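The values are calculated or read from the model by the stated rules, or taken from the named source; none is laboratory data. The structure presented is a predicted model; accordingly, all values stated were derived computationally and were not measured. Cβ placement follows ideal geometry from the backbone for every residue including glycine, while neighbour counts extend to all protein chains displayed.
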Amino acid sequence: MSNIKKAFESGKAFIPFITCGDPDLETTAKAVREMEKNGADIVELGIPFSDPTAEGPVIQGANIRALAGGITTDKIFEFVCELRKDVKIPLVFMTYANVVFSYGIERFMSRCRETGIDGVILPDVPFEEKAEFQSVSKQYGIDFISLIAPTSNDRIAMIAKEAEGFIYVVSSLGVTGVRSEITTNIGDIVKVIRENTSAPCAVGFGISKPEQAKAMAAVSDGAIVGSAIIRLLEQYGKDAPTYIGEYVHEMKKAVLF
């Protein structure tokens, strides 16, 4: 069993996201350690990309700031090596196909294994085109994490049957960002997932408040939050890790209900 699947064994999971290098890698490292200390089960590490098509303005801004600060994929791999000296929870890269292509798929997956990355999420790679990446990630023991959206419809079962690690259930149409309410019937999507795989599923896109996280975890195996954490970084800069830790603590409490 992969480390990612194991992270769901002790109950509902809370999965925070952070863009590496916003405002700098030292702050990212402190934030990740605060996340782990306060109950995060898995952390998604964003590798910045100049055209992050799945992201709303908040995370797009983080990408722009990180890239302007000189962040590269190699620097992020070195950063993960340092993190792994004491961070034990699973770490997952969230990035885009072009980042992996330009680095070299095999070289990228090999470095993931060397540095201790457990999984990869590429939101711009459709299910039908994933083989080019997944065939290589499998060789290196890296979970290629699939996304299921409200528009997946009759493809849900097909995607679920081949799931690795966990399934990322996209709560809403559109891009990432804080939403006042989530109207998608997540329960119906999860029902089809459960009929086709034992892999856990967690819900992301739009979750920012404890009550939203609680509601999503009630019908799935966990909740994923990104934009709300990036907003704390925007607000507090290098002082943000303490506030991020407090936020993760509240959100983890909520998903455990």
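Within this structure, residue 179 fails the test of being under 26 Å from residue 122 (Cβ atoms) and modelled with pLDDT of 95 or more. Residues in region 50-60 that are surrounded by fewer than 20 Cβ atoms within 10 Å (Cβ to Cβ) and out of contact with any Asp or Glu (no Cβ under 7 Å at 6 or more places or on another chain): 50, 51, 56, 57.
The criterion of being part of a loop (DSSP other than H, G, I, E, B) and farther than 14 Å from residue 233 by Cα does not hold for residue 21.
With respect to residue 247, determine if the residue is of a type in the set (Phe, Trp, Tyr), within 18 Å of the chain's Cα centre (by Cα) and not in a strand (DSSP E or B). Please lay out each step first, then the result.
Details: of a type in the set (Phe, Trp, Tyr): yes; within 18 Å of the chain's Cα centre (by Cα): yes; not in a strand (DSSP E or B): yes.
Judged against the criteria, residue 247 is a match.
Summed over region 135-154, residues that are part of a loop (DSSP other than H, G, I, E, B), touching a strand residue (DSSP E or B) at 6+ places or on another chain (Cβ under 8 Å) and under 14 Å from residue 169 (Cα atoms) total 3. If you go through region 69-77 one residue at a time, do you hit one that is under 30 Å from residue 253 (Cβ atoms) and of a type in the set (Lys, Arg)? Checking region 69-77: not a single residue is under 30 Å from residue 253 (Cβ atoms) and of a type in the set (Lys, Arg). Residue count for region 44-92, restricted to those that are outside any loop (DSSP other than H, G, I, E, B), farther than 15 Å from residue 22 by Cα, hydrophobic (A, V, I, L, M, F, W, C) and in contact (Cβ under 8 Å) with a residue 40 or more places away in the chain: 3. How many residues are touching a Lys or Arg at 6+ places or on another chain (Cβ under 7 Å) and of a type in the set (Gly, Ala, Ser) when one looks only at region 119-158? Qualifying residue count for the region: 1.
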